[in-house]
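**Q** Right, I'll just put the structure down here and ask away after.
The values are calculated or read from the model by the stated rules, or taken from the named source; none is laboratory data. Fair warning: this is a prediction, and the values are worked out from it, not measured in the lab. Here Cβ is always computed from backbone atoms with ideal geometry, including for glycine, and neighbour counts include all displayed protein chains.
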């Protein structure tokens, strides 16, 4: 009987923990956690601080705008470190985090990954509105534009003109 | 046994004859959605034929292990002599190895596709995070798009949770209001139509199996046709001319900005897309051709099965 009770209790506790964990993941202060939102805020504050800072410094920056827990900032920064966006070095008992790239470099890197060879350098699935074009294709495009303009000049209206 | 051989033959015929036929039917981009369907039918039927062939092969082998000689008679008459002539064990071992190899190869293909898809998802998510960080705390653009401070005109979308549309400052400046809405409608059509799932799958398949060319050519053409589907969706809400103008504005920006040119890889042809928006091609021949191909791909296995059921010798000769 007591074994059963123990079992139920542990199940109950596990479920409570799971709920607490989910809630912890989903909520930051009072706002609902959105993918990448905290990471974005932390990186922006670090760049504003001159590309480096401790968890405490970032926390104080963010706390000027909203309530946030130290551990939330800490785990976000550890995540960013794990994903390669931050490097860190020991400073006394804490770490000092450095941004791996400046904001401009980060943006340039993003664009390089997204644009080079039509996004083929990354395994991310991107769908571009326009891809890269070579000179032949550009000449073809100019030809289409010219014929379209002719069609309009003839009064046939756009799209109505045969080739 | 003969049915397995027939399935293999069918898959080879589809893989060799299919791509050039579909490519010629989808060239003008007159019926992009049907084109995608036919490509998927081709790819799917080849994969299914492989799986079905392997299953039948193994099943029949297991079923007739003790009287292999009589089974082989229908399929390859010559083998029967070898089996009866005392080489039975060698042939049995060979067939067993063949069956095992085909099953292992198919299983590996499946596993590699799953791994590639998971990798793609991880990379997409990482890219989405990088884009979010790059956009920083700057205000969102139209439709909740992330605005990146870059002088290169670019618009693209990422299917992660949540879906992300990325637009650069240069693209925002190059586009008029109507064009911008058309571009957003285009990207949202990609996301709503779950085009990323198709692209991820065909992309993974084409990297793992560059031969037969069905998979690589299919992946490239499906990407092109999906762009056209999204163009059509945007054109329904705005107008064909607005979408064409947006394409032109991003490809040939007003000087001093330079056009997006010259990388070796074949991007999805903007010229073709503008052409078909401005001068819509007649969809009837494309629809007819694609429907015929689709009918051929779907009906021929039924015919084959029917024929083998009626006259096993027909296929086995």
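**Q** So, residue A:80, is that one in contact with a strand residue (DSSP E or B) (Cβ under 8 Å, 6 or more places away or on another chain), modelled with pLDDT of 75 or more, more than 9 Å from every other protein chain (Cβ to nearest Cβ) and surrounded by 12 or more Cβ atoms within 10 Å (Cβ to Cβ) or not?
**A** Here the answer is no, as residue A:80 does not meet what is asked.
**Q** Still on this structure: Run residue B:10 past the list (1) outside any helix (DSSP H, G or I); (2) more than 30 Å from residue B:281 (Cβ to Cβ) and report the number of the one that doesn't hold.
**A** (1)
**Q** For the range B:197-215, give me the residue count where each residue is in contact (Cβ under 8 Å) with a residue 60 or more places away in the chain and within 11 Å of chain A (Cβ to nearest Cβ).
**A** 7
Results for (1) more than 7 Å from chain A (Cβ to nearest Cβ); (2) under 23 Å from residue A:107 (Cα atoms); (3) surrounded by fewer than 24 Cβ atoms within 10 Å (Cβ to Cβ), shown as yes or no for each residue.
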position	(1), (2), (3)
B:169	yes, yes, yes
B:174	yes, yes, yes
B:180	yes, yes, yes
B:186	no, no, no
B:189	yes, no, yes
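**Q** Among (1) part of a helix (DSSP H, G or I); (2) buried (at least 19 other Cβ atoms within 10 Å of the Cβ); (3) in contact with a helix residue (DSSP H, G or I) (Cβ under 9 Å, 6 or more places away or on another chain), where does residue B:128 come up short?
**A** That leaves (3) as the condition not met.
**Q** When you scan the range A:33-75, how many residues do you find that are touching a residue at least 24 places away in the same chain (Cβ under 8 Å), within 13 Å of another protein chain (Cβ to nearest Cβ) and over 14 Å from residue A:85 (Cβ atoms)?
**A** Going through the range A:33-75 one residue at a time, the tally reaches 1.
**Q** Among the residues that make up the range B:102-124, is at least one of them in contact with a strand residue (DSSP E or B) (Cβ under 7 Å, 6 or more places away or on another chain) and either modelled with pLDDT of 85 or more or closer than 23 Å to residue A:108 by Cα (or both)?
**A** yes
Here's the yes/no breakdown for (1) farther than 30 Å from residue B:220 by Cβ; (2) outside any helix (DSSP H, G or I); (3) touching a helix residue (DSSP H, G or I) at 6+ places or on another chain (Cβ under 9 Å):
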{"position": "A:72", "(1), (2), (3)": "yes, no, yes"}
{"position": "A:90", "(1), (2), (3)": "yes, yes, no"}
{"position": "A:97", "(1), (2), (3)": "yes, yes, yes"}
{"position": "A:101", "(1), (2), (3)": "yes, yes, yes"}
{"position": "A:106", "(1), (2), (3)": "yes, no, yes"}
{"position": "A:109", "(1), (2), (3)": "no, no, yes"}
{"position": "A:114", "(1), (2), (3)": "no, no, yes"}
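One line per residue, one yes/no per condition, for (1) touching a residue at least 12 places away in the same chain (Cβ under 8 Å); (2) within 15 Å of the chain's Cα centre (by Cα); (3) surrounded by fewer than 23 Cβ atoms within 10 Å (Cβ to Cβ); (4) over 30 Å from residue B:95 (Cβ atoms):
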site	(1), (2), (3), (4)
B:20	no, yes, yes, yes
B:31	yes, no, no, yes
B:35	yes, yes, no, yes
B:41	yes, yes, yes, yes
